[in-house]
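Working notes, beginning with the structure itself.
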Amino acid sequence: MSAVAESSAQPHGDTGERSLPPVTQLGMTSLALIVAGGIYLSAHIPKHVPLTPAIVLLAASALLLATNLFLLSRVPDFPRDRFFDVAKWALLGYTIIAGMIEYAFLRNHLKGGALVVLTLSLVVFAIHVPVLIGFTVARFYNPEGATASA
């Protein structure tokens, strides 16, 4: 078991609250990289766009997404049912949003490498935001407290 997964199983201080991986911090960094890549590409359109910086930002963002998903999968006793209940509906919403943005790209005749990089950036965006929403709900979910108050 990795050191992160082992440390996430340990109680945090005297509160009995478990320590979780830095999902929110990694997610926000990933989204910042996606936004920076989008701004970079948008600043150069409609002229020729050097794609290397945007590809590097996209790759770093995708790596953070993969790291986040891996770290979340290693957390013991994480309420995955609650996570997936929330994340699947958020994913539906963000897929629609990403589709509308993609339509705007196509309607404005964006082509080539810039379209590919922006489309992949939308995919990372449309996955990472629901992961963050699902994580936020699941981390504070307490089934014992919910039944005790009912």
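The values are calculated or read from the model by the stated rules, or taken from the named source; none is laboratory data. Just so it is clear, the model here is predicted, and its values are computed rather than measured. Don't worry about glycine lacking a Cβ; one is built from the backbone with ideal geometry, like all the others, and counts go over all protein chains shown.
Data for the structure
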read-out	value
Any hit, the range 87-100, residues being crowded, with 19+ Cβ neighbours inside 10 Å and over 22 Å from Pro22 (Cβ atoms)	yes
Scope the range 80-100; condition modelled with pLDDT under 95 and closer than 24 Å to Thr52 by Cα; matching residues	none
Residue that is surrounded by the fewest Cβ atoms within 10 Å (Cβ to Cβ), among those in the range 51-73 that are hydroxyl-bearing (Ser, Thr, Tyr) and free of Cβ contacts under 8 Å to residues at least 12 places away in the same chain	Thr52
Residue list for the range 107-123, filter: buried (at least 18 other Cβ atoms within 10 Å of the Cβ) and within 10 Å of Leu51 (Cα to Cα)	Ala114, Val117
Test: residue in the range 54-71 that is out of contact with any Pro (no Cβ under 9 Å at 6 or more places or on another chain), at pLDDT 85 or above, part of a loop (DSSP other than H, G, I, E, B) and over 15 Å from Ser121 (Cβ atoms)	no
Residue in the range 14-30 that is touching a strand residue (DSSP E or B) at 6+ places or on another chain (Cβ under 8 Å), within 22 Å of Ile127 (Cβ to Cβ) and at pLDDT below 90 present	no
Residues of the range 20-43 that turn out to be farther than 30 Å from Phe78 by Cα and touching a helix residue (DSSP H, G or I) at 6+ places or on another chain (Cβ under 8 Å), as a count	5
